[in-house]
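None of the figures in this text is laboratory data; all of them are computed from the coordinates on show. Note that the coordinates shown come from a computational prediction; the quantities given were computed from them, not determined experimentally.
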Amino acid sequence: MKIELARIDDRFIHGQVLTKWVKLRPVDRIIIVSDAVANDEMRKTLILSVAPANVKASAVTVDKMVRAYNSPRYENDSVMLLFEGPEDIVELVEKGVPLKEINVGGMRFEKDRKQITKAVSVSLKNIEAFDTLHDLGVKLELRQLPGDSSTDFYNELHK
């Protein structure tokens, strides 16, 4: 499996993903890696219903993603991984999926979250997960759209 892009965007599949990122990094498959989404049939159905017709889309648990990554069945697939937040990424990396870079695109503002940029707000739990990813050697890039300049998210997080 060739991972073309691993991105945090709690909106998952939407206009920017469809029109911008998929054109920049063409993929055969979009995989939402989220235990919460994969285990909620209604939410999963709604999210996957907006996937482009020419790209396969699925929502899987972290454990299923680990199995898929290690399966010869998907060795020739080029994929985009979408995450709701950094916690699932930590688990995925700790279970052996070698993610080198994460694009942080969007995490909505909620109560008890600190706003980092217009599009990214984080909780204390998120910050701990980003710190763990940094310690694991995963580069954290802040960039909402492909045409935006890339910024070191870890530095922004700890300003």
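The count of lysine pairs in the chain that are at least 8 places apart or cross chains, and whose C-alpha atoms lie under 16 Å apart, stands at 11.
Within segment 2-157, DSSP assigns beta bridges of which about 15% are antiparallel (rounded to the nearest 5). Summarising the overall dimensions of segment 86-159 from its C-alpha atoms, the Rg and Dmax are 11.9, 33 angstrom. Our note on the geometry: Cα centres of segment 27-95 and segment 119-156, 20 Å apart. Compared with the direct C-alpha span, the chain from ARG25 to ARG108 gains 27.4 nm at full extension, assuming 0.36 nm per residue. Among beta bridges identified by DSSP and lying wholly in segment 84-159, the antiparallel ones come to about 45 percent. Within segment 117-159, all pairs of alpha-carbon atoms sorted by distance into 5 Å bins from zero give the percentages 5, 21, 32, 25, 13, 4. The Cα atoms of the chain cover 43, 31, 31 Å along the three principal axes, with the biggest extent listed first.
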